[in-house]
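First up is the structure itself, then whatever we jot down about it.
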Amino acid sequence: MQIHWYPGHMAKTRRMIKDHLSLVDVILELTDARAPFTTHLPDLKQLIGSKELIVVLNKADLADEKVTELWIDRFAELGIKAMDVDAITRRGLSKLVSEIKKFSPNNLRRPTRCMVLGVTNVGKSSIINQLAGRKGAKTGNKPGVTRGKMWLKVDQKLELLDTPGILWPKFEKKSIGIKLALLGSIKDELLDFEKLALLFIRFLKEKYPLCLSSRYKVNFDDNTPVAILEELSKNRGFLLSGGVPDIQRGAITLINEFRLGKLGKISLESPEDDEGIWQEM
């Protein structure tokens with residue numbers, strides 16, 4: 001299952017980031033805590049040069065806590081400060097603001113300036129709204145919502161430069177595209193939900209079987225991903241004429257409920273498994 005999506009405005013965003021580096025003191029990169037490697041831009045260091053960087057693992061309340069701790073340690077090994085937060089509950093945001101302000105320019109009488117960037121749909125707008133107190137900003141789980149740059153004042157000592165979402169110019173591994181699709185970082189119109197759901201079921205069977213069986217009351221045993229998706233659809237009452245399970249509707253439900261955290265705390269990748277099952281898909 002190959003997935004590619006790189007709208008033209010994302011190339012423009014990269015140019016904008018480079019053009020505004022001289023105006024900021026620190027870079028805040030938002031990632032999704034459920035897949036920090038996949039949502040961390042691989043060429044970010046080349047993009048931002050010598051600028052200080054903080055990596056934020058957002059949506060941490062939806063991820064496996066033990067795996068998130070491993071990722072924070074892995075970033076530390078790479079010399080990168082990483083912090084886990086949750087924009088919805090505001091957990092970790094005060095600590096994050098304090099960390100950003102450590103990069104205050106001592107020789108200038110102005111606030112610390114922080115550029116906020118990240119791939120689409122990692123919750124960047126939600127965090128900015130919480131920090132800056134904006135209630136009217138357009139947010140949601142559709143990739144590519146924020147299209148222009150914007151300066152926002154958090155307080156007298158901190159200003160944020162918001163940027164549009166960006167994405168990898170090219171997915172070197174198909175597993176990257178699969179995980180970004182599951183997280184909602186690629187337009188749903190481009191996805192084959194049935195194929196995506198079958199891949200996700202394979203992953204859940206191996207890593208988080210209870211998350212799937214407890215919510216959908218499916219029988220694992222020796223069932224194939226197709227049989228599990230059919231049973232899931234039947235159990236939810238998704239039926240076509242003649243009692244045939246509507247697996248398209250079942251697939252969409254499974255993926256949407258994962259994105260909302262209704263399946264439990266799930267991480268799609270760990271620094272220890274080197275992609276594991278995703279490598280085989």
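The values are calculated or read from the model by the stated rules, or taken from the named source; none is laboratory data. The structure displayed is predicted, hence computed values, not measured ones. Ideal geometry is used to build each Cβ from the backbone, glycine not excepted, and the neighbour counts take in all protein chains shown. These area figures cover heavy atoms from the full protein model, side chains too; ligands, DNA and RNA do not enter into them. Shrake-Rupley method; radii C 1.70, N 1.55, O 1.52, S 1.80 Å.
Worth pointing out:
- Per-peptide average of other Cβ atoms within 10 Å, ordering 65-76, 193-204 highest first: 193-204, 65-76
- Taking amide H atoms as placed 1.01 Å from N in the peptide plane, the amide H of S267 lies under 5 Å from those of D64, each 5 or more residues away in sequence or on another chain.
- Normalised per residue, the volume of the convex hull around the Cα set of segment 34-100 (Å³): 87
- Partners for K45 among aspartates and glutamates (Cα-Cα distance below 17 Å; same-chain residues under 8 apart left out): D19, D25, E29, E77
- Amide H contacts for D84 (H built 1.01 Å from N in the peptide plane; partners 5 or more residues away or on another chain; cut-off under 5 Å): L57.
- Within the accessible area of segment 168-240 (1.4 Å probe), percent carbon and sulfur: 50
- Between the alpha-carbon centres of segment 154-228 and segment 79-96 there is a gap of 22 Å.
- Computed across segment 183-281, the Kirkwood hydrodynamic radius from all distinct Cα-Cα pairs reaches 14.0 Å.
- Set K173/K234; K12/K187; K66/K234; K187/K207; K59/K217; K18/K174 screened for pairs whose C-alpha atoms are more than 23 Å apart: K173/K234; K66/K234; K187/K207; K59/K217; K18/K174
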